[in-house]
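Below: one structure in structure tokens.
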Amino acid sequence: MEATSANQSDSKSKALPSDLLSGEQIQTVVEDVLACTPFIDIHTHLFSPAFGKLGLWGIDELLTYHYLEAEFFRSSNTTPGQYWKLSKRERADAIWRALFVENSPISESTRGIVAVLNAFDLPTDASGLEEARIFFAAQPLDEHIRRVLEIAGVSSVVMTNDPLDPDEQPVWLNGGQDHAQFHAVLRLDRILWGWPRHWQQLASQGYAVDEKASGKSIAEVRRFLADWNERMRPLYMAVSLTDTFFYPDDSIASKILGEAVLPSCREFGLPMSLMIGVRRQVNPALQLAGDGVGKADLRAVENLCRSFPENKFLVSVLSRENQHELCVYARKFNNLMPFGCWWFLNNPSIVEEITRERMEMLGTSFIPQHSDARVLEQVIYKWRNTRRTMAPILTNAYRLLLSDGREVSRKEIERDVNRLFRSNFENLTGLRGG
Ligand code: FIX
Ligand code: ZN
């Protein structure tokens, strides 16, 4: 429902106190408040410098992002087999040629690259690749991180940290990281749905667990979580789950989730993030780009929220068809916080649809977006798109409020934007000054 100009003129007739806004003024103020409010990026795959090569940045990483690889294979005769034999630089060259030279970069992901190059005043036309390489190679990382987050309007990012990742583990076992703009999350995919392949890793670290997660296994998993909570100081625990995920069922994942993970979350005061709806490796030849989406049975979320009222759940669902249900469940359970337009949903047309619906049903009691950035500079275009999409949605909401008979002030808009992109998450995690 769009606010019409007729009722906006009401405000013109009577002189408004200085802090109250006319219908015309609302858009400019909304855009300004969105631009001035530093966001907390609650889910990324970025790493602070302490993690060395795990942290991806620069033009070759931007071009070989799995979103672009998926698009590359649609616009090139190169087979995945041939592509994976190429070096990172050769892959980037191939993607640049196919998506930025031989075709117009009008998809959300290709436009993103153009926006990043433009943010650094680098050429965005077909000849721009070499100059971009020279520019990024010359950037001192710490300063570059600070600058990129500043351009993106992001005060801090939340990482995705896997305690069983052989590249990450040594960093945490040797003191971890304390970068003020990078926060940790305890990601539990390998322990929950990856148990059959990974329980031995826990056993080799001295935790008395077994394949069936029987005997002392649950208590030992809790001991493992306590050790890593101490080591990582995570803001929440997290897992991604397929479209076939259900709770409760007789799977080991269901058992560990209900008997170990959620009790430990309660003990440490941590929310549990569930990202539901991926269909893993529908086309394995594409590797990271090979995952798909499926509609999930969200009664699993209903059962979890009802069965564990003391637990806080941060939930994002991948299927467009699950969005309305998630909103309705959030109206039933205040321990459920919907967040983000995840992965294949992170396209302006779909973000707009989901965000309008959430605002109509939940007001400002949800977290509209996360970037899911895998390469540092991606935060620049992903948050630019989010602000661009949010502005007309918020403007319309306030204009409707005005036409329904209530004045709107800049202070209220600042409070609401702060809640959507900061305090909802801060209150959920206890993060301060993030
Ligand atoms: O599970 C996840 O956290 C997903 O976001 C990733 O696995 C996925 O590959 C991705 O990058 C989505 O944007
Ligand atoms: Zn992710």
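Among the listed pairs Lys216/Lys255; Lys312/Lys382; Lys295/Lys382, give every one whose C-alpha distance is greater than 20 Å. Don't skip to the answer; put the middle values down first.
On the way: Lys216/Lys255 13 Å; Lys312/Lys382 27 Å; Lys295/Lys382 25 Å.
Exceeds cut-off: Lys312/Lys382; Lys295/Lys382.
In sequence order, what are the phi-derived ³J(HN,Hα) couplings for the stretch 239-249 according to the Karplus relation 6.51 cos²θ - 1.76 cosθ + 1.60 with θ = phi - 60°, rounded to whole Hz, with x for glycine and proline?
With coefficients 6.51, -1.76 and 1.60, one gets 7, 9, 10, 6, 5, 9, 4, 9, 9, x, 9 Hz.
Calculate, in nm to one decimal, what His324 and Ala219 gain on full extension: separation in residues at 0.36 nm each, minus their alpha carbon distance. Can you show the working numbers first?
Details: separation 105, 0.36 × 105 = 37.80 nm, distance 3.72 nm.
Gain on extension, His324 to Ala219, equals 34.1 nm.
Between the stretch 12-86 and the stretch 124-151, what is the separation of their alpha carbon centroids in Å?
Distance between centres, Cα-based: 16 Å.
By a straight-distance test (C-alpha under 20 Å), which aspartates and glutamates pair with Lys53 as possible cross-link partners, with residues fewer than eight away in the same chain excluded?
Reachable aspartates and glutamates: Glu61, Glu90, Asp142, Glu143, Asp162, Asp165, Asp167, Glu168, Asp178, Asp372, Glu377.
Which of rounded, prolate or oblate describes the stretch 183-338 when judged by the alpha-carbon gyration tensor and an a/c cut-off of 1.5? Present the calculation step by step, with values, prior to reporting the outcome.
Values: a/c = 1.73, a/b = 1.23, b/c = 1.41.
Taking the square roots of the gyration eigenvalues as a ≥ b ≥ c, the stretch 183-338 is oblate.
Over the stretch 249-326, what is the relative contact order in percent, taking alpha-carbon pairs closer than 8 angstrom and at least six residues apart? Spell out each step's value before the answer.
On the way: 83 pairs, mean separation 26.0, N = 78.
Over the stretch 249-326, the number comes to 33 percent.
For the stretch 39-196, rounded, prolate or oblate, judged on the Cα gyration tensor with a ≥ b ≥ c (square roots of eigenvalues), a/c < 1.5 rounded, else prolate if a/b > b/c? Don't skip to the answer; put the middle values down first.
Values: a/c = 2.08, a/b = 1.38, b/c = 1.51.
In terms of gyration-tensor shape, oblate.
Starting from the Cα of Glu259, step 7 Å toward the Cβ, then list every residue of the stretch 171-210 with an amide N under 20 Å from that point.
Once the point is set 7 Å along Cα→Cβ of Glu259, 188-204, 206-210 turn out to lie under 20 Å by backbone N, inside the stretch 171-210.
Quick check: Cα centre of the stretch 345-361 to Cα centre of the stretch 178-208, how many Å?
Between the Cα centre of the stretch 345-361 and that of the stretch 178-208, the gap is 33 Å.
Spelling out what I want: for every residue of the stretch 417-434, take phi, set θ = phi - 60°, compute 6.51 cos²θ - 1.76 cosθ + 1.60 (Karplus), and round to whole Hz; glycine and proline get x.
Using θ = phi - 60°, the values come out as 5, 4, 5, 4, 10, 9, 6, 4, 6, 4, 5, 6, 10, x, 5, 10, x, x Hz.
Then there is this: State whether the stretch 263-363 is rounded, prolate or oblate according to the following rule on the C-alpha gyration tensor (a ≥ b ≥ c being the square roots of its eigenvalues): a/c under 1.5 gives rounded; otherwise a/b larger than b/c gives prolate, and the remaining case gives oblate.
On the way: a/c = 2.15, a/b = 1.31, b/c = 1.64.
Note, shape of the stretch 263-363 comes out oblate.
Once you place label points 7 Å from the Cα toward the Cβ at Ser75 and Glu102, how far apart are they in nm?
1.0 nm
Of all alpha-carbon pairs in the chain, indicate the percentage at a distance above 36 angstrom. It would help to have the intermediate numbers written out before the result.
Numbers: 28643 of 93961 pairs.
More than 36 Å apart: 30 percent of the Cα pairs in the chain.
At 0.36 nm per residue, minus the direct Cα-Cα distance, what do Arg147 and Ile134 gain on full extension? Give it in nm, one decimal, please. Display every interim value, and only then the final one.
Numbers: separation 13, 0.36 × 13 = 4.68 nm, distance 1.76 nm.
Taking 0.36 nm per residue and subtracting the Cα distance, the gain is 2.9 nm.
Values quoted throughout were computed directly from the atomic coordinates according to the rules given, and no laboratory measurement underlies them. Computed from a predicted model, the values in this text were never measured in an experiment. Neighbour counts are summed over all protein chains in view; Cβ atoms, including those assigned to glycine, are modelled from backbone coordinates with ideal geometry.
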